[in-house]
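Okay, structure first, notes after.
The values are calculated or read from the model by the stated rules, or taken from the named source; none is laboratory data. The structure displayed is predicted, hence computed values, not measured ones. Here Cβ is always computed from backbone atoms with ideal geometry, including for glycine, and neighbour counts include all displayed protein chains. Note: accessible area is taken over every heavy atom of the protein model, side chains too, but ligands, DNA and RNA are not part of it. Shrake-Rupley method; radii C 1.70, N 1.55, O 1.52, S 1.80 Å.
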Amino acid sequence: MTENIAMLLQGMWETLYMTIASVVFSYLLGLPLGVLFVSTSAHGIAPRKKMHTVLGWIIDIGRSIPFIILIVELIPVTRAIVGKVIGPTAAIVPLVIAATPFVARMVETSLEEVDHGVVEAAKTMGATGWEIITKVLLPESVPSLLRGMSITTITLIGYSAMAGAVGAGGLGDIAIRYGMHRYDVAMMNVTLVLIIVIVAVIQFAFNKTARRIDKRLR
């Protein structure tokens, strides 16, 4: 029993480690990508039709690749970056690459929710494109961005469970090794409950934070 508890705690830590690290890096890449995509649209602050089209293709292609296939395809890249292809650290590479285009689309949705009149007012006052992005678009869309981040985080928890199938570790790996290979239904159920609890806590925390800073709900 003690060994199982220790293993589950280790699995929770690995799942959270993979998820949090992947969220951080995917937003470092996906946020500017999403901002650039919105800014270069026909109604953006710096319309660039060709660039917008290319970015759209990159984002859509990235989102269309099944994650389990992406893991296998990225084995050489993962090995080159982290020096190994198994374990939670190695799983972060495909997790980030899979999540980045997803984040870009979430950012696009959030920025497009900003009142266009606010943007036009900023332009009228002589704000530069950078100022509009940093002082209008991003601040105004923070509640929506947080809700999008909660969706991204929960999605990555699911991806990390799939990564367990190829030796990434975490709760997904425990569920597969014990629930599938050893037919341990109890262990499978415990890992499932733990994943549900983690998701519920993350959803609650993000939603509560978003409601607190959303000016429309004050």
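In this rough spin-label picture, where each label sits 7 Å from Cα along the Cβ direction, the R182-R211 distance is 4.1 nm.
The 3J(HN,Hα) values that the Karplus relation (6.51, -1.76, 1.60; θ = phi - 60°) gives for region 203-209 are, in residue order, 4, 4, 5, 5, 5, 5, 5 Hz. Gly and Pro appear as x. On the beta carbon distance between F204 and I5, with R0 = 25 Å, the FRET formula returns roughly 0.50.
Annotation for region 104-134: GluC sites (Glu not before Pro) lying in DSSP loop with at most 14 further Cβ atoms inside 10 Å of their Cβ are E113.
Counted residue by residue at 0.36 nm each, then reduced by the alpha carbon distance between them, the extension gain from V72 to A121 reaches 12.8 nm. In this structure region 1-53 gives 62 Å² per residue of accessible area when probed at 1.4 Å with all protein chains present. The distance separating the Cα centre of region 113-183 from that of region 20-78 comes to 12 Å. Close amide H contacts of A168 (hydrogens built in the peptide plane, cut-off under 5 Å, sequence separation of 5 or more or a different chain): G87.
By how many nm would the segment from A165 to T128 grow when fully extended, if each residue of separation counts as 0.36 nm and the alpha-carbon distance is taken off?
Stretched out fully, the A165 to T128 stretch lengthens by 8.5 nm.
Remark: region 117-130, residue by residue, has Karplus-estimated 3J(HN,Hα) of x, 5, 5, 5, 5, 5, 4, 4, 7, x, 5, 7, x, 5 Hz, where x stands for each Gly or Pro and the curve is 6.51 cos²θ - 1.76 cosθ + 1.60 at θ = phi - 60°. For the chain, the fraction of 1.4 Å probe accessible surface lying on carbon and sulfur atoms is 69 percent.
Highest mobility in the GNM of the chain, judged by mean-square fluctuation with C-alpha springs under 10 Å and restricted to I176, I69, I86, is found for I69.
Computed from phi, the 3J(HN,Hα) profile of region 167-184 under the Karplus parametrisation 6.51, -1.76, 1.60 (θ = phi - 60°) reads x, 7, x, x, 5, x, 5, 5, 4, 6, 5, 9, x, 8, 7, 10, 6, 8 Hz, with x in place of Gly and Pro. Counted by Cβ distance under 13 Å from H43, the other residues give a net charge of 0, where Lys and Arg count +1 and Asp and Glu count -1.
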